[in-house]
Amino acid sequence: MLQGAASSDEVCGNSENTLRIVGGQPASERVWPWQVSISVKNSPKNLQQPKNIHLCGGTLIARQWVLSAAHCFPLNLDFTKIITVRLGIYQLANDSKDTVTSTVQQVIIHPNYTSKAGSGADIALVELTFPVKYSDAILPVCLPTSSMQFSTGARCWVTGWGDIQQEVPLKPPQTLQQVEMPILDRDKCNMLFNRSQLKDVEDNPVKSDMICAGHLEGGKDSCQGDSGGPLVCNHNGVWIQAGVVSWGIDCGKPNLPGVYASVPFYADWIQAKIGVSHNNTDIKRNGGLPKTPSVTLILVSFALLLQ
């Protein structure tokens, strides 16, 4: 029995090769089967642009639902007409036999979200047009309950296809990246941001609906391109989503860790929208925004920054 997790899918939180993860390196294929790429079909400004331009990351949480960040959908547009979701994707430039591309039925932005930098409620749900069929390469992550807590120092992982350094994009074939990120105490995280004295950062910017994670020495982080992607933690061999990549200051700066929307904080809202039960579930193990200066608090499209 997985305590503190809520899921309608018995296969949630399983992946292949979960014991062979190496931080700050390309992920092995099928290790993170819930990771999805939310792509723009065509540029809203120029419909002659190529299709499938990676916009944000996301996480499969049920057969027809993906969890992402609200700031990935900032425009007053009908996103059902301009985005697709690619599941079972490992290299953005190379669809494989595992890749499934889905159109979108609706995008639900949390009603408390605003476009202000550092806004809370930076969370969104994407409903796929049809339920997906699970495979070794396409599986949901487990959702936490609202009461679940991720302790300070817990070793969690963030994944994505974004920049590998500030303004340095991931090179083709754009292989999914992974890095281990320890959970940080919120008070300590706020102290670090307050001490930075960045003019556009308000006091105590890490709110109760956010989780702070990162390496104080810098060099490993998320960056442009990873927004909406998952921060996941392993609990007794099962992966549970703790956070959604949300915001930060540049990428990999010492003493400026990344900030994630807290999935437990919004668990009840998520479950109300997608109909996931609060009951604990027995898990079957199947083997498995535009760039701004460093002084500006940015709603990042975070990607992994590797040492």
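The values are calculated or read from the model by the stated rules, or taken from the named source; none is laboratory data. The model shown is predicted, which means the values in this text are computed figures rather than measured ones. No Cβ is skipped: glycine too gets one built from the backbone with ideal geometry, and neighbour counts run over all protein chains shown. Protein only, heavy atoms only, side chains kept; ligands, DNA and RNA dropped before computing areas. Shrake-Rupley method; radii C 1.70, N 1.55, O 1.52, S 1.80 Å.
Under a 5 Å amide H cut-off, with hydrogens placed 1.01 Å from N, residue 145 pairs with 5, 6 among residues at least 5 apart or on other chains.
Where does region 102-181 land on Rg(C-alpha)/(2.2 N^0.38 Å)?
Details: Rg = 16.5 Å, N = 80, 2.2 N^0.38 = 11.6 Å.
Here the answer is 1.41, to two decimals.
Accessible surface of residue 86, taken over heavy atoms with a 1.4 Å probe and every protein chain present, rounds to 10 Å². Label sites at residue 133 and residue 64, each approximated as a point 7 angstrom past Cα along Cα to Cβ, lie 1.8 nm apart. Legend: distances between Cα atoms for 41/81; 116/253; 188/253; 41/133; pairs beyond 18 Å are 116/253; 41/133.
From largest accessible area down, sort 208, 196; use a 1.4 Å probe on the protein chains.
Working: 208 75, 196 40 Å².
So, going from the largest accessible area down, we get 208, 196.
Using heavy atoms of the protein chains and a probe of 1.4 Å, the accessible area assigned to residue 99 is about 30 Å². In the full protein context, region 98-188 carries 45 Å² of accessible surface per residue, based on a 1.4 Å probe and ignoring ligands, DNA and RNA.
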